[in-house]
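The values are calculated or read from the model by the stated rules, or taken from the named source; none is laboratory data. This one's a predicted model, so the numbers in the text were calculated from it and none came from an experiment. Positions of Cβ are backbone-derived with ideal geometry, glycine not excepted, and every protein chain shown enters the neighbour counts.
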Ligand SMILES: *Cc1c(COP(=O)(O)O)cnc(C)c1O
């Protein structure tokens, strides 16, 4: 007997993994009476530095804030540009706009969602106002950081990694996010470890770290924790710059501390599920499995359809998955599809053929560390079934 649609449990695109440990940690902070940025945030920073081997880690209230702060610390501002791809979340670019800088775009590689080093070199050659390259490790798959580092050194620009997807992507040279001058991680609700909202900036340079620490807190020259708890604590402080308000409260930082202790376990689980999906999907010519370079953190599982072999496009394919109970998403709607960026930079899909091609064919499938084997099996069955049904020439 066939199941009716209402009996099929809906599989969400993501589900966070929490245990009693996070609950107890939040209660502990609530009862402590200190809710905002203090010793929990500091401990989270120290633990994150230890985990990643980064000399400085700074908590922030989002990766978007972190990108802006890191760019600011490396001199991105009026008269300068950052270089990134159109295949990323919008705040990779708007972080630069908020600083009065502009955005230059280079297309992604054919074989992955990563910025193409050849196109990076062309852009750097043509435009001396580029101050920083902002590579994005889409879905956790790490960009060619050796090539990017070499180019950055040759042209005297900074590298700020958008590592929102790439914790913990561990390469032979270290963790993604510690390979450039700065790395920016997100702890948004659907990311590999989460605090609901939050982020971390890792940075090598001590002066840049000081600048970020100050600018995330109104340009004040002392931390709040220090003002209230240091020996000889006092209300005195100075403001030496027009800063912002981008600090991560202890109430959230403590969740991050617990999640960090589970990062390796989450990573193992994600990798195992990704391997199973790839093994199953690679048997079908109408599907393209995601790129998997060294150290992939597997934040997301992005499957691509081969439209030439199917009688439907990506939108219809994804709608059908959704109708059959799979929560799907899209990473990313490229910037040339966004009204604001189209109007500001007069960019279109014709300027970025590789990004356009990925956009036309990618679907983000349900994927999280605690997915059961049965749920993974169901995702595989629904995707394969849908592809087979729309396979051209099978006389359906
Ligand atoms: C999620 C994300 C961001 C922004 O992270 P927030 O913490 O939500 O500000 C930036 N870049 C990429 C690639 C992202 O996926």
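Restricting to segment 310-343, count the residues that are without any contact (Cβ under 8 Å) to a residue 60 or more places away in the chain and within 16 Å of the ligand (Cβ to nearest atom).
3
Which one of these does residue 25 not meet: (1) over 30 Å from residue 378 (Cα atoms); (2) without any contact (Cβ under 8 Å) to a residue 40 or more places away in the chain; (3) surrounded by fewer than 21 Cβ atoms within 10 Å (Cβ to Cβ)?
(2)
Within segment 167-196, which residues are crowded, with 23+ Cβ neighbours inside 10 Å, in a strand (DSSP E or B) and within 14 Å of the ligand (Cβ to nearest atom)?
182, 183, 184, 185, 186
Give, as residue ranges, the helices (runs of 4 or more DSSP H) completely inside segment 300-386 that count at least 3 residues that are within 22 Å of residue 106 (Cβ to Cβ) and in contact with a helix residue (DSSP H, G or I) (Cβ under 7 Å, 6 or more places away or on another chain). Step through it out loud before you land on a result.
On the way: elements: 314-323, 339-345, 353-361.
Once the helices (runs of 4 or more DSSP H) in segment 300-386 are filtered for at least 3 residues that are within 22 Å of residue 106 (Cβ to Cβ) and in contact with a helix residue (DSSP H, G or I) (Cβ under 7 Å, 6 or more places away or on another chain), what remains is 353-361.
Just name the residue that is farthest from the ligand (Cβ to nearest atom) out of those in segment 79-93 that are over 14 Å from residue 67 (Cα atoms) and buried (at least 24 other Cβ atoms within 10 Å of the Cβ).
First, the residues of segment 79-93 that are over 14 Å from residue 67 (Cα atoms): 79-80, 85-87.
Of the ones still in play, those that are also buried (at least 24 other Cβ atoms within 10 Å of the Cβ) are 85-87.
Numbers: 85: 10, 86: 12, 87: 9 Å.
Checked segment 79-93; the qualifying residue farthest from the ligand (Cβ to nearest atom) is 86.
Per-residue answers, yes or no, for (1) away from the ligand (no atom under 16 Å from the Cβ); (2) assigned to a helix (DSSP H, G or I); (3) under 21 Å from residue 193 (Cβ atoms):
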| position | (1), (2), (3) |
| --- | --- |
| 25 | yes, yes, yes |
| 29 | yes, yes, yes |
| 34 | yes, no, no |
| 40 | yes, yes, yes |
| 43 | yes, yes, yes |
| 95 | no, yes, no |
| 100 | yes, no, no |
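Would you mention how many residues in segment 197-223 are touching a helix residue (DSSP H, G or I) at 6+ places or on another chain (Cβ under 7 Å) and part of a helix (DSSP H, G or I)?
So the answer is 4.
Looking at the structure I just gave you, is residue 147 touching a helix residue (DSSP H, G or I) at 6+ places or on another chain (Cβ under 8 Å) and either more than 16 Å from the ligand (Cβ to nearest atom) or not in a strand (DSSP E or B) (or both)? Steps first, answer last, please.
Details: touching a helix residue (DSSP H, G or I) at 6+ places or on another chain (Cβ under 8 Å): yes; either more than 16 Å from the ligand (Cβ to nearest atom) or not in a strand (DSSP E or B) (or both): yes.
Criteria met by residue 147.
Is it the case that residue 136 is outside the structural domain of residue 270 (by TED's automatic domain parsing), without any contact (Cβ under 8 Å) to a residue 40 or more places away in the chain and either within 12 Å of the ligand (Cβ to nearest atom) or under 30 Å from residue 257 (Cα atoms) (or both)? Write out each step before concluding.
Working: outside the structural domain of residue 270 (by TED's automatic domain parsing): yes; without any contact (Cβ under 8 Å) to a residue 40 or more places away in the chain: no; either within 12 Å of the ligand (Cβ to nearest atom) or under 30 Å from residue 257 (Cα atoms) (or both): yes.
So residue 136 does not fit the description; no.
Since residue 77 meets every condition but one in (1) under 23 Å from residue 343 (Cβ atoms); (2) assigned to a helix (DSSP H, G or I), which condition does it not meet?
(2)
Just a yes or no: is a residue in segment 289-308 farther than 21 Å from residue 355 by Cα, under 25 Å from the mean Cα position of the chain (by Cα) and more than 16 Å from the ligand (Cβ to nearest atom)?
So far as segment 289-308 goes, yes, one or more of its residues are farther than 21 Å from residue 355 by Cα, under 25 Å from the mean Cα position of the chain (by Cα) and more than 16 Å from the ligand (Cβ to nearest atom).
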